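Before any comments, here is the structure.
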Amino acid sequence: MREKLRSLADDLSILRGNFLVLLVTWVIFRFAFRLVMPYEPLYIRALGATPTVLGLMSAAYTAVFCLSLIPGSYVADRWGRKRIIVTMTYVLGFSYVFYILAPDWPFSPGWQLVLAGMLFAALARIYMPALQAMTADSLPPERRGLGYALTAVVPDAFATASPLVAAILVGRYGLVEGMRLAYTAVFGSFMVAATVRLLFLRETVRPAGPRGRMGIARFYAESAREMLGALKEASRSLKALVFIPLLVVPLSQALWSTFAPLFIVDFTGISEAEWGTISSIRLAFGLAAGLLAGKLADKLSRKKLLVVRYIASAPVVVGLAFAEGFVEVLAILLLLDLTAFIGMSASQALLADLTPREMRGRVLGARTLLMSLSSIPASPLVGFIYESVDPRLPFLALGVLSLVAALAMACLVEEPAEREI
């Protein structure tokens, strides 16, 4: 009993300082954000966007996001983490005003106004490399798997009922008005979270400052040079861990962020209300699955867990393409969630293990940039295939690519003898 209590105390010891502050802020806005996540593609479609337009909107967002990542990675290591995180959390919150105000009457610029909000949010996410770096800085190497699992599990524990609340809003006020209320909650939560970060976050690196005064062109050139330099200095295993997910992530992001909700509602016999129920069940399941995945990532080989994740997810994602009915769809999604939690905890922990602290902003930013760039053509392509060819085809392709990624991960990635702090 004492050993179990001591082990629990060791696990909970990471809940302090910046990591605790970030976790609290994720809790604050996760409840509101989970209100809109299951219904966002349906909401934008109700404002007049076709599946192809949805894909193009996602591509436009990703392209602008890439433009913000280049200076964001540079700023995270040169100017420090806190200032950009706090400022852009406020700015990101204001991007949701566009979603709230988007009209839905005939011939009105409904989805176009949402697109403006998406692009505004993409620019605000210049803070992502700094946020990723501060999270890694704040976790001890031997607890990183659990720490990254907690970033998903704890906020979602407070958001388990969110999809059900969203389903009630949609049922009572209709899809459009219900989602406007939900986006209002998202805006308020970001304002509160930004203020908490302003008051309690502490800087984790000593800012070096920019190298003299620079115009925009030189600033971008300097930022890109720093990112490329960090990748060149990376070990072979770190480079592999950055590039191998590019086989899977573009198609996966396009599916799960936009087209999977449409597919499930359109082709599996699931209603909008049932989709909200499924989303809540998945969040509740994630509480146990996420903690299990985090503990496994700290006790077992992180590389082997990644290989198993890719192999296990391949047949399951193919199964979703042919699923019918509530129980079958739910079971498949829960299996996919389990593999996703295992992959998330293991990959983020292994990335931190392999990346020196002084390079984390640039390396993590470069990784996110590469994934985002590769996602730009994926979203409109999947939208076209969904609308004009066969909506099941992207699921089949993702299954095949997952097996290829598993083989590459097994051959090219080695775990470090000594983990970076």
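What follows draws every value from the coordinates through simple rules; no lab data is involved. From a predicted model like this one, the values you see are computed outputs, not experimental measurements. A quick note on method: Cβ atoms are made from the backbone with ideal geometry, for glycine too, and the neighbour counts reach across all protein chains shown.
Before moving on, here are some points about what is shown:
- For the chain, the Kirkwood radius over C-alpha pairs fed into Stokes-Einstein at 25 °C and 0.890 mPa s yields D = 111 µm² per second.
- Cα-based shape type of region 1-151, given that a ≥ b ≥ c are square roots of the gyration tensor eigenvalues and the cut on a/c is 1.5: prolate
- Length gained on full extension, Leu199 to Glu177: 4.5 nm, using 0.36 nm per residue less the C-alpha separation.
- Most tightly packed first, judged by the mean number of other beta-carbon atoms within 10 Å of their residues, the peptides 376-389, 248-261 read 248-261, 376-389.
- Extension gain, Thr184 to Glu414: 0.36 nm times the residue separation minus the Cα-Cα distance gives 78.2 nm.
- Å³ per residue enclosed by the Cα convex hull of region 80-121: 39 Å³
- The chain, relative contact order in percent, only Cα pairs under 8 angstrom and at least six apart counted: 29 percent
- Distance between region 52-110 and region 247-270 - C-alpha centres, whole angstrom: 22 Å
- Spatially close lysines, pair count over the chain: Cα under 28 Å, gap of eight or more or interchain: 14
- Measuring nothing but how far apart in sequence close Cα pairs (under 8 Å, 6+ apart) lie, relative to its length, region 219-332 scores a relative contact order of 29 percent.
- Among 124-131, 317-324, the order from most to least packed when residues are scored by Cβ within 10 Å on average: 124-131, 317-324
- For the chain, the mean residue ellipticity at 222 nm estimated from helices alone is -25500 deg cm²/dmol, where every DSSP H run of n ≥ 4 contributes -39500 (n - 2.57) and the total is divided by all residues, rounded to the nearest 500.
- Sorted peptide list for 14-27, 302-315, 60-73, criterion being average Cβ within 10 angstrom, highest first: 60-73, 302-315, 14-27
- Options Phe65, Tyr386, Tyr99, ranked by Cα towards positive dipole end of the chain, top entry (Cβ charges): Phe65
- Whole-angstrom gap from region 145-178 to region 308-381, using each part's C-alpha centre: 20 Å
- Relative contact order of region 311-399, defined on C-alpha pairs under 8 angstrom at six or more residues apart (%): 50 percent
- Approximating the spin labels as points 7 Å out from Cα along Cα→Cβ, the Leu287-to-Val404 distance works out to 4.0 nm.
- Listed by Cβ neighbour count within 10 Å, with the fewest neighbours leading, Trp79, Trp105 appear as Trp105, Trp79.
- Calculated FRET efficiency, Met191 to Phe326, Cβ-Cβ distance, R0 = 25 Å: about 0.10 to the nearest 0.05.
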